[in-house]
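Heads up, the thing below is written out as structure tokens.
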Amino acid sequence: MFLLFRMKSIVIWFLKGISIFLWNDQSSLLANTITCIAPSKTFNLAGLQVVAVIVADPILNKKVKDAFLVNEIASISPFAITGLIAAYQQGEDWLQQALAYIYNNYIYLNSYMAEHLPALKIIPLEGTYLVWVDCTALNISSRKLGQILLKEAHLQVNVGAMYGKGSDSFIRLNIACSRSILQEGLARLKQVLLNLPKE
């Protein structure tokens with residue numbers, strides 16, 4: 001993130017294609033706002049362990065910097081800084097290709113489930129590569145289903161129960177993978193679910 005322009009009343013930060021404009025009438029908001037961004041999920045760079053923290057208010061900015069120093073989280077690798085900058089400045093083409101690929105995996109998942117496991121309902125995506133699957137029709141808890149899938153199919157899913165009340169009939173699938181891995185995972189899921197004992 002680069003500070004492009006600063007006047008007394010306006011601050012403009014630039015981030016590959018996104019300009020963030022801040023002006024005086026938002027001063028109370030800015031005095032209490034910390035914005036954190038990271039390339040970890042978007043660009044698959046979690047290993048860099050780097051974030052950009054945007055703090056417009058000078059007093060709050062100092063508090064954040066001091067907290068980073070006290071907690072010894074201010075020192076990051078030069079590779080991390082370079083990776084963060086490269087991702088946001090030069091990663092747009094890769095990102096668009098990755099998003100298209102993941103969306104095509106989502107289309108494939110929907111088609112597969114409609115054909116092979118129509119009792120399971122796919123929840124529409126909301127800006128993520130983690131797909132919620134409603135397994136209510138199976139009449140089994142997500143924890144139990146997760147255990148069965150892991151034991152019998154060596155398939156790890158996120159069980160809905162871990163997300164709180166009302167989620168126990170759901171599982172979450174990660175579709176940010178190669179199509180062949182998605183196909184293999186779905187085939188294993190199908191094999192186990194078609195052989196579940198009927199209650």
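The values are calculated or read from the model by the stated rules, or taken from the named source; none is laboratory data. Keep in mind that this is a model prediction, so the values were computed, not measured. When we count neighbours, we look across all protein chains shown, and the Cβ atoms used for this are built from the backbone with ideal geometry, even at glycine. Keep in mind that these areas ignore ligands, DNA and RNA; they rest on the heavy atoms of the full protein, side chains included. Shrake-Rupley method; radii C 1.70, N 1.55, O 1.52, S 1.80 Å.
Things to note:
- Applying both filters, DSSP loop and at most 10 other Cβ atoms within 10 Å, to the GluC sites (Glu not before Pro) of the stretch 110-198 gives E126.
- Rounded accessible area of I140 (nearest 10 Å², 1.4 Å probe): 40 Å²
- Taking label positions 7 Å along the Cα-Cβ direction at both A52 and A31, the computed distance is 2.7 nm, reported to one decimal.
- Computed accessible area, T128, all protein chains, 1.4 angstrom probe, square angstrom: 50 Å²
- Accessible surface for W94 stands near 120 Å², nearest 10, in the context of the full protein assembly shown (1.4 Å probe).
- Environment charge of Y129, counting only residues whose C-beta is closer than 15 Å and scoring Lys/Arg +1, Asp/Glu -1: +2
- Note on N195 and Q183: the model spin-label points, each 7 Å out from Cα along the C-beta direction, lie 2.2 nm apart.
- Cross-link pairs K63/K165; K41/K165; K62/K165 - those with Cα-Cα distance over 28 Å: K63/K165; K62/K165
- Sites K151 and T128 - FRET efficiency at Förster radius 22 Å, r taken between beta-carbons, to 0.05: 0.20
- Coil-residue trypsin sites (Lys or Arg not before Pro) of the stretch 101-168, DSSP, other Cβ within 10 Å capped at 11: K165
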